[in-house]
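Shown next, in structure tokens, is the structure this report addresses.
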Amino acid sequence: MATRRTFLKLTAAASLAAPSIASAQASGRVVVVGGGFGGATAARTLKALEPKLTVTLVEPNPVFTACPFSNNVLAALREISQQQFGYDGVQKTGVLLAQTAATAVDASGKTVTLGDGSKLPYDRLVLSPGIDINWGALPGYDEAAAEKMPHAWKAGAQTVLLRQQLQAMDDGGLVVISSPANPFRCPPGPYERASLIAYWLKIWKPKSKLLILDSKDTFSKQRLFQNAWAQLYPGLIEWVSLSQGGKVTAVDPASLTVVTDFARHKAAVANIIPPQKAGTIAQKAGVADRTGWCPVEPVAFESTLQPAIHVLGDSAIMGGMPKSAFAANAQAKVCAAAIVELLAGRKPVDPILINTCYSLVSPDYGISVAGVYRPDKGVLADIPGAGGTSPLEVVGGFRGQEALYASSWFKTITTEVFG
């Protein structure tokens with residue numbers, strides 16, 4: 001896996017021109033579908049490692065809206081515009097941009113059908129489409145319901161809607177957040193969201209309460225979050241676990257009611273984070289299994305269901321590696337290096353990958369969890385003792401330093417991927 005320093009040197013040395021798709025000539029053709037942290041990184045890295053490749057990034061949106069740090073938008077600590085990034089920097093590396101949707105994949109014929117009906121041939125295909133909401137998995141929750149009970153799990157309009165609802169709520173209102181069962185995008189995300197909403201409520205609507213209804217009995221960085229809640233937001237946040245009756249079984253958007261096995265909760269604002277699945281194009285390509293996610297082998301992240309198709313990021317089942325932007329970025333670099341080897345007829349080396357997830361409990365209170373992973377028995381497995389979480393007991397400005405690390409990480413990764 002290329003280091004960040006090597007990656008930046010390589011991308012800086014790549015061609016500054018962005019040739020047309022029709023005129024490109026290269027020794028191999030790689031199509032990348034999805035322009036997020038996984039897909040954009042894969043496209044840039046492929047072009048940097050092997051400039052002769054024709055690398056086409058298929059992405060319908062001219063602007064990418066990042067999920068990391070979008071919880072800060074809810075707490076009025078950032079504007080949504082600060083989460084948005086274009087693709088000029090990607091194109092300057094020589095990556096071709098097809099600004100349209102991928103509507104179908106012919107795995108046997110090795111082509112991707114675009115929104116205008118044209119087809120892109122490939123030697124290797126990389127899918128990094130992120131998540132789709134599993135509409136219908138939660139009774140009462142569909143696309144219309146999301147306009148009243150936003151999920152905000154795809155950053156953008158839903159994030160802005162949830163922020164507007166919080167700001168319009170009367171002081172003393174109840175905010176309900178539902179957290180789904182694993183797996184889902186960004187395991188610490190619901191609890192960071194609860195923390196930052198609580199931070200905002202404490203300042204602007206101090207009579208309000210926040211209720212987390214959870215389909216799990218444990219969650220990522222649990223002790224760190226709960227210790228921080230007791231310290232920063234006593235009496236403001238209540239967490240109800242699965243065994244305590246926290247699983248949401250239905251919702252009623254008309255009355256903003258959230259239903260569990262034993263109770264009905266009338267919310268002033270309801271943030272329903274529903275079950276998820278791999279992006280739609282992964283389903284159409286035949287790389288998703290019955291779980292809705294995409295199984296891959298752990299070296300090149302090639303689909304175990306379709307040859308020559310690689311799946312990255314949130315859509316893939318990656319063993320012990322969680323669904324995060326950091327993980328997608330790391331996987332993309334490994335995948336790109338492996339594809340270069342495969343196209344040259346060589347065997348990729350077994351990778352070692354790192355993931356770090358930062359969470360903000362308040363603007364100056366950060367916590368983190370890190371893991372190190374390697375292939376083992378067909379999956380990416382944790383290397384015992386190689387990762388860990390922030391310490392429970394700290395002195396001085398440690399939490400503030402971690403908050404700065406989180407901010408620096410976001411600036412670094414967005415500059416690397418989109419700059």
Output the residue which, of all residues in the range 73-114 that are among the small types (Gly, Ala, Ser), in contact with a Pro (Cβ under 7 Å, 6 or more places away or on another chain) and surrounded by fewer than 22 Cβ atoms within 10 Å (Cβ to Cβ), is farthest from Thr280 (Cα to Cα).
Gly86
Go through the range 44-72 residue by residue and tally those that are farther than 24 Å from Pro190 by Cα, in contact with a strand residue (DSSP E or B) (Cβ under 8 Å, 6 or more places away or on another chain), touching a residue at least 60 places away in the same chain (Cβ under 8 Å) and not in a strand (DSSP E or B).
2
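Of the residues that sit in the range 1-55 and are modelled with pLDDT under 50, among the hydrophobic types (A, V, I, L, M, F, W, C) and under 23 Å from the mean Cα position of the chain (by Cα), which one is surrounded by the fewest Cβ atoms within 10 Å (Cβ to Cβ)?
Let us first name the residues in the range 1-55 that are modelled with pLDDT under 50, namely 1-26.
Okay, now just the ones that are also among the hydrophobic types (A, V, I, L, M, F, W, C), so 1-2, 7-8, 10, 12-14, 16-18, 21-22, 24, 26.
From the residues that got through so far, the ones that are under 23 Å from the mean Cα position of the chain (by Cα) too are 1-2, 7-8.
Details: Met1: 18, Ala2: 17, Phe7: 20, Leu8: 15.
Among those that are modelled with pLDDT under 50, among the hydrophobic types (A, V, I, L, M, F, W, C) and under 23 Å from the mean Cα position of the chain (by Cα), it is Leu8.
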Please give the strands (runs of 3 or more DSSP E) falling wholly within the range 209-319 in which 1 or more residues are closer than 27 Å to Ser390 by Cα and not aromatic (Phe, Trp, Tyr).
209-214, 237-240
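Yes or no: the range 284-293 includes at least one residue that is buried (at least 23 other Cβ atoms within 10 Å of the Cβ) and β-branched (Val, Ile, Thr). Reasoning before the result, please.
Applying the first criterion (buried (at least 23 other Cβ atoms within 10 Å of the Cβ)) to the range 284-293 yields 285, 287-288.
Imposing the further condition that a residue be β-branched (Val, Ile, Thr) reduces the set to 287.
Scanning the range 284-293, I find at least one residue that is buried (at least 23 other Cβ atoms within 10 Å of the Cβ) and β-branched (Val, Ile, Thr), so the answer is yes.
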Cβ pairs under 9 Å, 6+ apart or interchain, first in the range 305-317 and not assigned by TED's automatic domain parsing to the domain that holds Ile339, second in a loop (DSSP other than H, G, I, E, B) and buried (at least 20 other Cβ atoms within 10 Å of the Cβ), ordered by first then second residue, are none
Against the definition (outside any strand (DSSP E or B) and surrounded by fewer than 17 Cβ atoms within 10 Å (Cβ to Cβ)), how does Lys347 come out, yes or no?
yes
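Residues Gly136, Gly172: which one is surrounded by fewer than 22 Cβ atoms within 10 Å (Cβ to Cβ) and at pLDDT below 95? Break it down into steps so the answer makes sense when it comes.
Working: Gly172 fails: at pLDDT below 95.
Selected residue: Gly136, the only one of Gly136, Gly172 that is surrounded by fewer than 22 Cβ atoms within 10 Å (Cβ to Cβ) and at pLDDT below 95.
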Output yes when any residue across the range 345-362 is basic (Lys, Arg) and on the phi > 0 side of the Ramachandran plot, and no when none is.
no
Got a sec? Which strands (runs of 3 or more DSSP E) wholly within the range 85-196 have at least 3 residues that are in contact with a helix residue (DSSP H, G or I) (Cβ under 8 Å, 6 or more places away or on another chain) and farther than 30 Å from Pro253 by Cα?
102-106, 124-127
Filter the range 355-387 down to the residues that are under 21 Å from Leu127 (Cα atoms) and surrounded by fewer than 19 Cβ atoms within 10 Å (Cβ to Cβ) and list them by number.
Pro375, Gly378, Val379
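The values are calculated or read from the model by the stated rules, or taken from the named source; none is laboratory data. Fair warning: this is a prediction, and the values are worked out from it, not measured in the lab. No Cβ is skipped: glycine too gets one built from the backbone with ideal geometry, and neighbour counts run over all protein chains shown.
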